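A short worksheet on the structure shown next.
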Amino acid sequence: MNDTPAPLRVAVLGCGAVGTEVVRRLLEHTTDFSARTGAHLELTGIAVRSLDAVRDPVVPRGLLTDDPAALIADADLVVEVMGGIEPARTLILDALRAGAGVITANKALLARHGPELYEAADAAHVDLFYEAAVAGAVPVVRGVRESLAGDRINRVLGIVNGTTNYILDEMTTNELDFAAALRQAQDLGYAESDPTADVEGLDAAAKAAILAALAFHSRIAFSDVSAEGITAITSEDIASAAQTGHVIKLLAVAEHRHEADGRGGVAVRVYPALVPVEHPLGNVRGPFNAVLVEAEAAGTLMFYGAGAGGVATSSAVLGDLVAAARNRVSGGKAPSESRYAELTPLGADQIHSRFQIRMAIADRPGVLAEVAAAVAEHGVSFETVRQQGLPGGPAELVIGTHEASESALAATLAALDTLDVVLRISSVLRVEGI
Ligand code: NDP
Ligand code: HSE
């Protein structure tokens, strides 16, 4: 009797920055994949939009198709690296319903339609894996979902977008302007096909929703995440941060606040923040990502590595492909969605941060007292105050606050805006890592 498992038929949807590298490694290391999974992984086709586009010579032209639906109909495992919501959503649902395991890197889709996809995978008793959807090559999804499944996570804080970290780093260390740094990030394959998702914080927000859902065993949708990007960050902000030993980083922050009723809620946010240069996140350079996970028993863990780029990301995709192939051979299944905690998003009055407010003020006696009164009126208190003259003009006042709620800060800014002595509020940034 021959008990060698039949080959597993693998369909790849998308052959861009990530897909090309997935195909390359799948073809180059085919013997290793067979040995690791117990079955031969046969690449049956690669779906693309344009059959005529110039491609890396590693991609077998005979496997290209512009009919992804036909390709998945005949697959055991489907790798979705085309991105976007449609047709990716329909194709994944069809693949799952037809009994194929799915591996996707598509955080935009998961953050918006995750529950529907999970339910389809469970109904068909097949895998849905998505390690590459958060932090590229860094195995933070598996870490949070599986390694920390026996712990309680209170907070997740991290840099999860390589493009914006690259841009901010280039603006800081090489004094590049925003547009030039973004162009470089696009050329290097870090950015989304529409880089607005990166620079407006939407890509990080999708990843934050995925991580928060895993960490807090609750359904957290993209729409539950408040997102601010980096388009308003100026070279003055970066220079001002450096004066106090900080760098500016785009952070994803997900926290579970425990309330007296024992349940509490979650706050999931993305914003550019001041981070001390000596903080572990302050040292994350270029397109690298790092996620700090604060757990009750494990303490603080840091997941660090390449957060974007086709080559690095292919590692996470192929790791999932091996896991799904092993399950196919053994009859196992990836973990289902865990949402029993049912935590819900908190309101702005329940979410607290430290802030730094930088403003131009009239340079005359009594100004500081007026500003202090406006700030104190809303229960916000100063932690630090720094004033300096601006060349040939007004003074610059930089206030660091103690923790204050988002709603108190909004009221304070509105009050400052009405003061004659405040000429301009130049920037408001949260401060993390203290
Ligand atoms: P690219 O834009 O480089 O590639 C997308 C590929 O999908 C292209 O080959 C394109 O075809 C194909 N495609 C798009 N739409 C269709 C369609 N309707 N039918 C058939 N094929 C289609 O994207 P990336 O490789 O950068 O990203 C892919 C996914 O991976 C996205 O979900 C992204 O968010 C995620 N991701 C990306 C990372 C990165 O660093 N780039 C890191 C982690 C995740 P054609 O070539 O003909 O245009
Ligand atoms: N555009 C994303 C980034 C790709 O820059 O992080 C990785 O998810």
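The values are calculated or read from the model by the stated rules, or taken from the named source; none is laboratory data. The structure displayed is predicted, hence computed values, not measured ones. Cβ atoms come from the backbone with ideal geometry, glycine included; neighbour counts cover every protein chain shown. These accessible areas exclude ligands, DNA and RNA; they are computed on the full protein's heavy atoms, side chains included. Shrake-Rupley method; radii C 1.70, N 1.55, O 1.52, S 1.80 Å.
Brief remarks on what is shown
- Among TYR304, TYR340, TYR190, the sequence by solvent-accessible area, most first, with a 1.4 Å probe is TYR340, TYR304, TYR190.
- Estimated at 0.36 nm per residue, the fully extended path between ARG339 and ALA242 surpasses their Cα-Cα distance by 30.7 nm.
- Angle in degrees between helix 202-216 and the longest Cα principal axis of the chain, rounded to the nearest 10: 80
- Summed side-chain charge close to PRO139 - residues other than PRO139 whose Cβ falls under 11 Å, Lys, Arg +1, Asp, Glu -1: -1
- Region 331-376 and region 106-134 have Cα centres lying 30 Å from one another.
- Check: the chain dipole with +1 on Lys, Arg Cβ and -1 on Asp, Glu Cβ, in debye: 660
- Under 5 Å from the amide H of LEU343 lie the amide H atoms of ARG219, each residue being 5 or more positions distant or on a separate chain, with H modelled from the backbone and absent for Pro and chain starts.
- Average accessible area per residue (Å²) across region 348-431 - probe 1.4 Å, nucleic acids and ligands excluded: 47
- Probe 1.4 Å - accessible area at LYS207, Å² to nearest ten: 10
- Of SER235, HIS29, ALA204, farthest towards positive along the dipole that unit charges on Lys, Arg, Asp, Glu beta carbons give the chain: HIS29
- Percent accessible area from carbon and sulfur atoms, the chain, protein chains only, probe 1.4 Å: 51
- Rounded to 5, the percent of DSSP beta bridges in the chain classed as antiparallel: 70
- Using alpha-carbon coordinates, inclination of helix 17-28 to the longest axis of the chain, degrees: 40
- Test item: Cα-centred dipole of region 348-431, Lys/Arg +1 and Asp/Glu -1 on Cβ, debye: 280
- If you plug the beta carbon distance of ASP52 and LEU27 into 1/(1 + (r/R0)^6) with R0 = 25 Å, you get a FRET efficiency near 0.70.
- Per residue, region 5-70 exposes 49 Å² of solvent-accessible protein surface, assessed with a 1.4 angstrom probe and all protein chains in place.
- Take the Cα of SER407, step 7 Å toward its Cβ, do the same at HIS352, and the gap between the two points is 1.5 nm.
- Integer Hz, Karplus 6.51/-1.76/1.60 couplings in order for region 416-431, x for Gly and Pro: 4, 4, 8, 7, 5, 6, 8, 7, 6, 8, 7, 6, 10, 10, 7, 10
- Each part reduced to its alpha carbon centroid, region 212-257 and region 161-208 end up 14 Å apart.
- Distant-in-sequence amide contacts of LEU13, defined by a placed amide H-H separation under 5 Å and a gap of 5 or more residues or a different chain, comprise ALA47, VAL79, GLU80, VAL81.
- Zone of GLU278's modelled label, taken as backbone nitrogen in region 405-434 under 14 Å from a point 7 Å along Cα→Cβ: 434
- Accessible surface, per residue, of region 140-308 when the full set of protein chains is kept, probe 1.4 Å, Å²: 38
- The chain: relative contact order in percent, alpha carbon pairs under 8 Å with at least 6 residues between: 16
- Neighbour net charge for ALA290 - beta-carbon separation under 15 angstrom, K R +1, D E -1: 0
- Distance in nm between pseudo-label sites at GLU146 and ARG97 (7 Å out along the Cβ direction from Cα): 2.9
- Once all protein chains are placed together, SER147 keeps about 100 Å² accessible to a 1.4 angstrom probe.
- Relative contact order (%) - criterion: Cα under 8 Å, at least six apart; region: region 30-103: 24
- Per-residue extension of 0.36 nm, minus the Cα-Cα distance of HIS258 and ALA179, leaves a gain of 24.3 nm for this segment.
- For the peptides 71-77, 403-409, residues were scored by their other Cβ atoms within 10 Å and the scores averaged per peptide; the highest-first order is 71-77, 403-409.
- If you take the Cα centroid of region 69-92 and the Cα centroid of region 1-62, the two points sit 14 Å apart.
- Gyration tensor verdict on region 3-94 (Cα atoms; rounded if a/c is under 1.5, prolate if a/b is larger than b/c, oblate otherwise): oblate
- Relative contact order for region 140-308, counting Cα pairs under 8 Å that sit 6 or more residues apart, in percent: 34
- Computed magnitude of the charge dipole of region 184-327 (debye, nearest 20; Cβ of K, R +1, Cβ of D, E -1): 400
- The angle between the Cα long axis of helix 107-124 and the main principal axis of the chain comes to about 40°, on a 0 to 90 degree scale.
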